[in-house]
Protein chains: 2
Amino acid sequence: MKPPFTPVKGSVTAAKGFKAGGLAAGIKGGSKKDLALIVSDPPANMAAVFTTNQVKAAPVRVCLAHMSAERTRAIIANSGNANACTGEVGMLHAHAMAAAVARRLGCDDQQVLVCSTGRIGVLLPIVKVEAGIKRLLRRLTPAGAADAAQAIMTSDTFPKQIAVRLRLQGRTVHVGGIAKGAGMIQPNMATMLAFLTTDALVPRAALQQALNLAVGLSFNRLSVDGDTSTNDTVILLANGAAATPPISGGAALRLFQDALNFVCIELAKMIVRDGEGASRFVTVTVSGAESNRDAERAARAVANSSLVKTSWAGADANWGRLMAAIGYSGAVVQESRVSIAYDGIVAVRDGVAVNPWPARVNKIVRGAAFEIRIDLGLGDGVYSMHTCDLTEQYVRLNLGE
Amino acid sequence: MKPPFTPVKGSVTAAKGFKAGGLAAGIKGGSKKDLALIVSDPPANMAAVFTTNQVKAAPVRVCLAHMSAERTRAIIANSGNANACTGEVGMLHAHAMAAAVARRLGCDDQQVLVCSTGRIGVLLPIVKVEAGIKRLLRRLTPAGAADAAQAIMTSDTFPKQIAVRLRLQGRTVHVGGIAKGAGMIQPNMATMLAFLTTDALVPRAALQQALNLAVGLSFNRLSVDGDTSTNDTVILLANGAAATPPISGGAALRLFQDALNFVCIELAKMIVRDGEGASRFVTVTVSGAESNRDAERAARAVANSSLVKTSWAGADANWGRLMAAIGYSGAVVQESRVSIAYDGIVAVRDGVAVNPWPARVNKIVRGAAFEIRIDLGLGDGVYSMHTCDLTEQYVRLNLGE
């Protein structure tokens, strides 16, 4: 069944009323873009999800405070510096970023959200950032989304953008987004930023609920290295510029949810595909668990195991390491009931290797993407997540910075 | 204060009444030793600790059954094959190993313990193993501990052995051990085997309690890659050949405990030092936590974080990654109360970097070993553990097998 929405270009500026831009403010040094701005005209309803890490970066704390504003005008984000573990000065810097945008937009500071990503524990070069904001405000265009997507990248190797168009209550509506990922990706998001926009009119409570659902199905189901960052932020702005009636229930909200889910899941997959040093994209589905929670435990243990992930890097279907991981996951496991299939080829049945060993499995694990289904044979619990392998390149990328 | 015991040679055969040996049975192929045997004359009291993984290898299940024997005569162990996830045939093989030893020693099968380590999910070449056992029984000597230590190695780069001598109740007593480690080391042990022997006479209940304590202070406090194996086993045999009175309380038991702790801690440190691909040995101590449990949570999060461990590999004192790890550890953390010191040099105070940054820290993290102390500034909880860095070499070692 074809989804009732069409991919379009423009990501965060596909929706009417949004402008964006990105430039090199000098935070990273050189000509690398490191400052992104998204502005909505008219002011937008806002929903957001933040890191569960108790150590929250200054910009996250500023965003949490700014959620009290009734409407939001802009998101200012920098890469190259996380502004985390920077104390009171870091808080002043995050506030200053919001204020610099608000002053020129003529709105309250609280109507501006702030995000940062990069190294922790280093003060922002705030003078450069403020000068960059000034320049950036003059450069905003309805086509500036690509620059913004580029400017939030850290060790990402490609910008992550997507948008879809759909008909909603007789109007043409857009949902789009940009994201950055790469490392520290799990659980409940990670050094992960995602900015989502729509021109549908969705009241705030419904918008937050829709975002929670979409994040639960996408960004919370991926793992690169099992670390959770201090800066994770997903923001969704809905400015109503498409002149729909308020979407707060029924078939219209379900359709909006579908589009939002699609956008978030596609961005999440791009993040895993671009995991630091990743050479393989692996979907791990655990079924037959005593509960969904147990299925999630088992899937996360597999997706986060250094031993499992390095065996994938070596194109080795080392299913014994999967068994070990589910065994220590905390999920209820009965070894003799477990079956494991690679892209539908059953390799393990009743806890032991199928005999003769299906040689096709060895070919499957040499591929760039495959799915592993682990059935625990105990109940109806199911959970699925996306992960990648652990390569020498991952280690090289993370030696410093 | 000098401990009241003296290091001696001979590890598991330092204690009177123990013989050992090791040889190449052909499990690994070639001339690599892969079969080890330790025999006690007289029969010994036994205590043991096993993996908490729900997926337990066949030899672990056999050991659990054989704990019902009143006395133990021998430990037979192979490397090169874990005999895990091998179903009913695997159970038959593990039983056959015990039986082959028992038959020739003229004891019950239950008086023989069995251990395996190596790849999961592959059947043992049992004919080779049984032939090896036959040869091995003819080669046992009071000096065979070194061969046994060699024969249990997998990706270990050096055998791990230690023994001490002490005076106990007017008698000369020995406590010694061998171990193998390398990968999958955490928490509650890992593809880790440790065999400990003593010629003190310690009744079984006191022996098990002493072992639990020692394991809690040593093997349970190390982490190489955060994976827990299906095969972890620590066995302690006490044969009373030193003719002490029964040691079951008071100063004598405390002294025995000290010696056992020392032996276990030294073996644990050797395991971390020989962690797969490890280039740095790091002791992480968390203090000032709301509880010891919280301190443990924070220490484990740091010791298991791929991002933290790769930064150590890069000789980068990336303390922000430590902050992120304690922040998601589940321990109560107040960022502005955290301080971090490297080998006593305070680098972070009140949650922010000391200014100016102490350059000596950069030198410390380039060293082969250092200690990180993280004080949460909230209470009296303390926990300490040993870990290593995550290098490209770790990934290379784990691509296959």
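Would you pick out the residues in region B:232-261 that are part of a loop (DSSP other than H, G, I, E, B) and within 21 Å of the chain's Cα centre (by Cα)?
Result: B:ASP232, single match.
Please go through region B:95-124 and give me each residue that is of a type outside the set (A, V, I, L, M, F, W, C) and either more than 23 Å from A:MET323 (Cβ to Cβ) or within 14 Å of chain A (Cβ to nearest Cβ) (or both), ordered by number.
Across region B:95-124, the qualifying residues are B:ARG103, B:ARG104, B:GLY106, B:ASP108, B:ASP109, B:GLN110, B:GLN111, B:SER116, B:THR117, B:GLY118, B:ARG119, B:GLY121.
Among (1) more than 19 Å from B:GLY17 (Cα to Cα); (2) in contact (Cβ under 8 Å) with a residue 24 or more places away in the chain; (3) assigned to a helix (DSSP H, G or I), there is one condition B:ALA149 misses while meeting the rest; what is its number?
Result: B:ALA149 passes all but (1).
Of the conditions (1) surrounded by 18 or more Cβ atoms within 10 Å (Cβ to Cβ); (2) at pLDDT 95 or above, A:ASP232 satisfies every one except a single condition; which number is it?
Tallying (1) surrounded by 18 or more Cβ atoms within 10 Å (Cβ to Cβ); (2) at pLDDT 95 or above, A:ASP232 fails exactly one: (2).
Which condition breaks for B:GLY90 when tested against (1) within 14 Å of chain A (Cβ to nearest Cβ); (2) over 22 Å from B:GLN150 (Cβ atoms); (3) outside any helix (DSSP H, G or I); (4) open to solvent by less than 10 Å² (accessible area, probe 1.4 Å)?
(3)
What number goes with the only condition from (1) in contact with a strand residue (DSSP E or B) (Cβ under 7 Å, 6 or more places away or on another chain); (2) under 18 Å from B:LYS32 (Cα atoms); (3) open to solvent by 20 Å² or more (accessible area, probe 1.4 Å) that B:ILE133 does not pass?
Every condition holds for B:ILE133 apart from (3).
Does region A:359-369 include one or more residues that are within 25 Å of the chain's Cα centre (by Cα) and not in a loop (DSSP other than H, G, I, E, B)?
Within region A:359-369, one or more residues are within 25 Å of the chain's Cα centre (by Cα) and not in a loop (DSSP other than H, G, I, E, B).
Looking at (1) at negative phi; (2) within 14 Å of chain A (Cβ to nearest Cβ), which is the one condition that is false for B:CYS85?
If we test B:CYS85 against (1) at negative phi; (2) within 14 Å of chain A (Cβ to nearest Cβ), just (1) comes out false.
On the given criteria, is A:ILE265 among the hydrophobic types (A, V, I, L, M, F, W, C), part of a helix (DSSP H, G or I) and either at the interface with chain B (Cβ under 8 Å from one of its Cβ atoms) or open to solvent by 10 Å² or more (accessible area, probe 1.4 Å) (or both)?
The answer is yes for A:ILE265.
Quick one: what pairs do we get from region B:54-69, first residue within 10 Å of another protein chain (Cβ to nearest Cβ), second among the charged types (D, E, K, R) and open to solvent by less than 10 Å² (accessible area, probe 1.4 Å), C-beta under 9 Å, 6+ apart or different chains?
Taking only residues 6 or more apart or on different chains, not a single pair turns up.
Out of A:ASP109, A:ASP41, A:ASP34, which single residue is surrounded by 24 or more Cβ atoms within 10 Å (Cβ to Cβ) and acidic (Asp, Glu)?
A:ASP34
Could you go through region B:233-255 and let me know if any residue there is closer than 24 Å to B:ASP343 by Cα and free of Cβ contacts under 8 Å to residues at least 60 places away in the same chain.
no
Considering only residues of region B:21-58 that are within 19 Å of the chain's Cα centre (by Cα) and of a type in the set (Gly, Ala, Ser), which is nearest to B:HIS174 (Cα to Cα)?
Filtering region B:21-58 for residues that are within 19 Å of the chain's Cα centre (by Cα) and of a type in the set (Gly, Ala, Ser), the one nearest to B:HIS174 (Cα to Cα) comes out as B:ALA47.
Considering only residues of region B:326-372 that are over 28 Å from A:THR51 (Cα atoms) and small (Gly, Ala, Ser), which is surrounded by the most Cβ atoms within 10 Å (Cβ to Cβ)?
Checking each candidate, the answer is B:ALA369.
Just checking, does region A:12-28 include any residue being among the β-branched types (Val, Ile, Thr), under 17 Å from A:LEU236 (Cβ atoms), open to solvent by 10 Å² or more (accessible area, probe 1.4 Å) and more than 14 Å from every other protein chain (Cβ to nearest Cβ)?
There is at least one residue in region A:12-28 that is among the β-branched types (Val, Ile, Thr), under 17 Å from A:LEU236 (Cβ atoms), open to solvent by 10 Å² or more (accessible area, probe 1.4 Å) and more than 14 Å from every other protein chain (Cβ to nearest Cβ).
Assess whether B:ASN355 counts as being within 14 Å of another protein chain (Cβ to nearest Cβ) and assigned to a helix (DSSP H, G or I).
Taking the combined requirement at face value, the residue does not satisfy it.
A:ARG103 fails exactly one of the following numbered conditions: (1) over 30 Å from B:ARG337 (Cα atoms); (2) at pLDDT 95 or above; (3) surrounded by 22 or more Cβ atoms within 10 Å (Cβ to Cβ). What is the number of that condition?
Result: A:ARG103 fails condition (3) only.
The values are calculated or read from the model by the stated rules, or taken from the named source; none is laboratory data. The structure presented is a predicted model; accordingly, all values stated were derived computationally and were not measured. Note that each Cβ is placed from the backbone with ideal geometry, even for glycine, and that neighbours are counted across all protein chains shown. Areas reflect the complete protein model, heavy atoms only, side chains present, ligands, DNA and RNA absent. Shrake-Rupley method; radii C 1.70, N 1.55, O 1.52, S 1.80 Å.
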